[in-house]
Each structure stands twice: as C-alpha cells, then as structure tokens.
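Asks: First the structure, then my questions, so here it is.
What follows draws every value from the coordinates through simple rules; no lab data is involved. Since the model is a prediction, treat every value here as computed from it, not as a measurement. In this analysis, Cβ positions are derived from the backbone assuming ideal geometry, glycine residues included, and neighbour counts consider all displayed protein chains.
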Amino acid sequence: MIHPEIEKILISQEEIATKIKEIASQINQTFNQEEIIVVCIMKGSLVFTADLIREITCPVVLDYMQVSSYGSGTSSSKFINVKRDLEESVEGKNVLIIEDIIDSGNTLYKLKELFDSKNAKKVQICTLLDKPSRRESNVQVDYCGFQIPDEFVVGYGLDYNQRYRSLPYVGILKRSVYEK
Ligand code: PRP
C-alpha cells in the first residue's frame with residue numbers, strides 16, 4: 001500500500017533488499033574477515049545501516065555520528081557541525097561510513113577529511129542513494145546502491161521535516177506536500 005502523500009515508489013523494498021545483499025558481498029570481499037568500524041551517519045542512514053550490517057559477515061563494531069550543515073536553505077553548506085561524535089577510536093582500524101544519500105557531496109567531503117586526519121587504516125564510503133546531478137564536492141564513493149534523478153525522495157530513512165523515515169521503500173514525495 002502506497003502512502004497517500006507519495007507520488008510513486010522509486011525503489012521498492014525488494015529492490016533495496018537485493019541491492020543490500022550485493023553491496024554486503026562486496027564489502028565482505030574487501031575486508032575479508034577483518035573487523036570494521038561501521039559509522040552510521042544519523043539519522044537518515046539508520047535504516048540502511050541496520051539492514052546492511054546484518055548481511056556483513058566480517059566482525060562489526062557499530063558507532064554513529066550526527067552532523068549538520070551550517071546555514072539554512074536548500075543548498076548544503078561546505079561546513080559541518082559535529083553534533084554527536086564517535087565513541088570508538090578509529091586509529092589503525094578499518095572504517096566504513098554509511099550514508100543514505102549523497103547530494104552536493106559536501107557532508108561526505110568534510111567527513112572524509114575528518115577521518116583522514118584520524119589515522120584510520122582504511123576509510124571507505126557506502127551510500128544507498130546518489131544524486132550525481134547535484135554534486136558540488138568531489139567524493140569517491142566505494143559502494144553505491146542506486147543513482148537517482150534529482151527528485152524529492154523520502155522513505156527508508158530519508159525524511160521531509162522528520163516525517164516518512166519509516167516507509168519501507170524510497171518514494172517521490174508529492175509536490176503538494178512541500179509546496180503548501
Ligand atoms: C542528509 C544525508 C547526508 C546529507 C547529504 O542528511 O543523510 O548526510 O544530507 O547531503 P550533501 O551531500 O548535500 O551534503 P540531513 O542533513 O538531511 O540529516 P538526516 O540524515 O538526519 O535527515
């Protein structure tokens with residue numbers, strides 16, 4: 001049953017589940033039973049991280065960060081504010097940063113810089129969604145679920161005004177919802 005405020009389902013629950021198995025299999029090959037510190041970037045990545053780690057067969061240590069862009073408006077700022085930092089030390093460790101979506105790329109660009117200064121053994125980036133047409137900062141993504149067009153997507157962790165995160169699919173929000 002589609003939510004009444006969703007225009008259409010862009011990526012179904014089944015497509016997401018299949019893609020997660022594929023990504024996890026690549027991650028398992030890369031890290032080959034070595035321990036990984038999995039860093040969930042809250043809140044959007046919560047759902048994706050929860051499903052992905054259950055397909056990862058390497059030992060996982062789960063941590064999370066919450067970051068926000070400075071400024072307001074629709075375009076992302078190039079500065080990030082760390083609202084919640086890691087508890088784990090990543091020095092000498094394998095790190096996998098999990099994002100729900102890369103839009104301008106500014107958040108991940110700054111995060112990657114931050115991690116590069118922490119002397120981790122290896123830092124990789126995994127995102128469920130990527131909007132390449134919106135890119136401002138160049139970020140190298142190691143694992144990407146789906147490249148999507150520049151549509152207003154919600155669900156599977158993604159929100160509009162903190163709503164719709166619990167939808168099991170990625171859907172396009174009706175314009176009437178955000179143009180009220
Ligand atoms: C979203 C998303 C990324 C960031 C991507 O987070 O989860 O962290 O924006 O945008 P960028 O590539 O333009 O930097 P948001 O700030 O909406 O927070 P949320 O995850 O709590 O919804």
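Asks: Could you calculate the contour length gain from Asn138 to Phe79, that is, 0.36 nm times the residue separation minus the distance between their Cα atoms, to one decimal place in nm?
Replies: Extra length available between Asn138 and Phe79 comes to 19.8 nm.
Asks: Please name whichever of Cys126, Ser176, Tyr156 sits farthest to the positive end of the charge dipole of the chain, dipole taken about the Cα centre and charges placed at Cβ: Lys and Arg +1, Asp and Glu -1.
Replies: After comparing all options, I get Ser176.
Asks: Using the Cα centre of region 109-156 as the reference point, and only Cβ charges (+1 on K/R, -1 on D/E), how large is the resulting charge dipole? Debye, rounded to the nearest 20.
Replies: In debye, rounded to 20, region 109-156 gives about 260.
Asks: Also, quick follow-up: Can you find, among Ile97, Thr30, Ile80, the residue farthest towards the positive end of the dipole of the chain? Put +1 on the C-beta of Lys and Arg, -1 on that of Asp and Glu.
Replies: My answer, from the dipole projection, is Ile80.
Asks: Looking at this model, which pairs from Lys19/Lys118; Lys8/Lys174; Lys21/Lys83; Lys19/Lys121 are more than 20 angstrom apart at the alpha-carbon?
Replies: Table pairs above 20 Å Cα-Cα are Lys19/Lys118; Lys21/Lys83; Lys19/Lys121.
Asks: Now a separate question. Would you mind working out the magnitude of the charge dipole of region 1-57 relative to its Cα centre, with +1 at each Lys and Arg C-beta and -1 at each Asp and Glu C-beta, to the nearest 20 Debye?
Replies: Computed charge dipole of region 1-57: roughly 60 debye.
Asks: Shifting gears a bit: Determine the dipole magnitude for the chain: charges of +1 sit on the beta-carbon of Lys and Arg, -1 on that of Asp and Glu, nothing else is charged, the reference point is the Cα centre, and the result goes in debye to the nearest 20.
Replies: Dipole size: approximately 400 debye.
Asks: Given Leu46, Pro59, Asn106, which one lies farthest toward the positive end of the charge dipole of the chain, if we put +1 on the Cβ of every Lys and Arg and -1 on the Cβ of every Asp and Glu?
Replies: Checked the options; the winner is Asn106.
Asks: How many angstrom separate the Cα center of region 1-36 from the Cα center of region 85-148?
Replies: Each part reduced to its Cα centre gives a spacing of 17 Å.
Asks: Okay, next question. What relative contact order, as a whole-number percentage, does the chain give when Cα pairs under 8 Å and 6 or more residues apart are counted?
Replies: This gives 24 percent for the chain.
Asks: By how many degrees, between 0 and 90 and to the nearest 10, does the Cα long axis of helix 13-31 differ from the longest principal axis of the chain?
Replies: 20 degrees
Asks: Check Tyr169: other-chain or 5+ apart residues with amide H under 5 Å from its amide H, H built from backbone geometry?
Replies: The answer is Tyr156.
Asks: Here's a follow-up. Write down the percent of antiparallel bridges among all DSSP beta bridges whose residues are both part of region 1-149, to the nearest 5.
Replies: 15 percent
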